[in-house]
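The values are calculated or read from the model by the stated rules, or taken from the named source; none is laboratory data. These numbers come from a predicted model, not from an experiment. Don't worry about glycine lacking a Cβ; one is built from the backbone with ideal geometry, like all the others, and counts go over all protein chains shown. All accessible areas refer to the heavy atoms of the entire protein, side chains included, with ligands and DNA or RNA removed. Shrake-Rupley method; radii C 1.70, N 1.55, O 1.52, S 1.80 Å.
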Amino acid sequence: MITLPYHKTQLTLPIEPGPKVRVLTPSNHDYTPEGTQEEIVRQALANPIASPPLSELVKGKQNIVIISSDHTRPVPSHINIPLMLEEIKKGNPEAKVTILVATGMHRPTTPEELVAKFGQKVVDEVPIVNHLSEVDKDMIFLGTLPSGGELWVNKVAVEADLLLADGFIEPHFFAGFSGGRKSVLPGVASRKTVMYNHNSTFISSPYARTGNLENNPIHRDMLFAAEKAKLAFILNVVINAKKEIIYAVAGDRVEAHLKGCQFVRDLVAATPIPGDIVISTNGGYPLDQNLYQAVKGMTAAEASAKAGAVIIMVAGCSDGIGGEAFYHQLADYPSPQAAMDTFLATSKEDTPADQWESQILCRLLIKHKIIMVTDPKWAQTIRDMHLDYTETLEEAIAKAKAVKGEEAEITVIPDGVGVIVG
């Protein structure tokens, strides 16, 4: 029996593995760590990479800011943040600490989501600020990115006398990997900076792909932004399918992150299993809470799809599509190709919000039929955006076989965002 994460539960695939139905998982997907989640994080903090311990860095600092991810990321900050605060208090009990939520271009994290993410004690005791990328008065100019764009970063981060970050590392479909430098750009950068960094030329780059940092123009700008913002120390974790910490790195924003990326690469690399039909997920909630985020899981399917394959994407979409701009960038055009032509003709300076996600989805739609299995209330909206829709996996598989034939080879990717296919 094959189960697929869907929102906060699972769906059962109505077909069994066999010669025509193969499951693509990393070779080390059953990796079991030593120690509890807290012990793994404590060990990382006790052995920072290319950096003094956090308890030493905080000495003499009065305005310490911790950048932490928002509600769209399954970072176990309720574990990470208290342990970071413990280290800070050990070295400097009088320091003022603020948590800056790295919303990037997302909506603000709600009070209820903050409690779920950090725990009531942290919410009650530590000031928490949501980054709002469109509020220009909250940004400070830090120079010109290597790509030529302007770098504007939230003043809460810039004015800190010690800037830290909590996050996690997973494959990322155009930045190579999440974590590290991404806490600054796009995490707490201005709207104009994020949009320039995510322009159509960079998104089209063959180097802007899952698991790749080398020559990646998006990654290069992000590194520069983290340096200019003086990100001094990171705590990044790696989580399993149950959202449990299995590995952690702490220390220098570059060296610690690279070590974490290598661990993830070794952990989740998988050889493609070319399929006529490829079924993928976004690993369940919170990563599958909207169609916008679900594009990430689709790219894993793309990497294991035969020419003209049908992709079935399983995602709860409890939070809807992911924004009006994202919707209109596909729905307002007669075809994905027409939308793509517009994206490629748009200058870097004029990149509109969410174009990067729309561009990647268009790339997929031009090559493949995509069927969404999700909440029926989004059916028409999904069809407007040139995807197909079914309410159940059974219907989706039947519809895909109607296109590819009863003998179609099926590849199943239970966690499309947790694998590097290639």
* How many residues are of a type in the set (A, V, I, L, M, F, W, C) and under 30 Å from I239 (Cα atoms) if we restrict to the range 398-422? -> 7
* To do: Enumerate the pairs (first residue in the range 338-367 and over 21 Å from P186 (Cα atoms); second residue anywhere and of a type in the set (A, V, I, L, M) and part of a helix (DSSP H, G or I)) with beta-carbon separation below 6 Å, excluding pairs fewer than 6 apart on the same chain, so at least 6 apart or on different chains.
  => A339/L330; C362/A339; C362/M340; L364/M298
* Asked: Within the range 33-47, which residues are touching a residue at least 40 places away in the same chain (Cβ under 8 Å) and surrounded by fewer than 17 Cβ atoms within 10 Å (Cβ to Cβ)?
  -> P33, E38, Q43, N47
* Is there a residue in the range 321-328 that is open to solvent by 10 Å² or more (accessible area, probe 1.4 Å), more than 18 Å from H172 (Cβ to Cβ), at pLDDT 95 or above and more than 22 Å from the chain's Cα centre (by Cα)? -> yes
* Structure fact -> Counting only residues in the range 211-270 that are closer than 22 Å to V156 by Cα and under 16 Å from the mean Cα position of the chain (by Cα), the one surrounded by the most Cβ atoms within 10 Å (Cβ to Cβ) is identified as N236
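Have a look at V58, V75, V41 and point out the one that is hydrophobic (A, V, I, L, M, F, W, C) and at pLDDT below 95. Outline the logic, then answer.
On the way: V58 fails: at pLDDT below 95; V41 fails: at pLDDT below 95.
After ruling out the rest, the residue left standing is V75.
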* Test: E349 is under 30 Å from T271 (Cβ atoms), open to solvent by 40 Å² or more (accessible area, probe 1.4 Å) and either part of a loop (DSSP other than H, G, I, E, B) or not aliphatic (A, V, I, L, M) (or both) -> no
* Please work out which residue is farthest from Y285 (Cα to Cα), limiting yourself to the range 239-253 and to residues that are touching a helix residue (DSSP H, G or I) at 6+ places or on another chain (Cβ under 7 Å) and small (G, A, S). => A250
* To do: Among the candidates K61, K89, K96, single out the residue that is closer than 14 Å to L164 by Cβ and touching an Asp or Glu at 6+ places or on another chain (Cβ under 6 Å).
  => K61
* Asked: Could you list, in sequence order, the residues of the range 15-30 that are in contact with a helix residue (DSSP H, G or I) (Cβ under 6 Å, 6 or more places away or on another chain) and either open to solvent by 60 Å² or more (accessible area, probe 1.4 Å) or of a type in the set (K, R) (or both)?
  -> N28
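Where in the range 76-147 are there strands (runs of 3 or more DSSP E), lying fully within it, with 2 or more residues that are within 18 Å of E159 (Cβ to Cβ), touching a residue at least 24 places away in the same chain (Cβ under 8 Å) and open to solvent by less than 40 Å² (accessible area, probe 1.4 Å)? Don't jump to the end; show me each part of the working.
Numbers: elements: 96-102, 128-130, 139-144.
Correct list: 96-102, 139-144.
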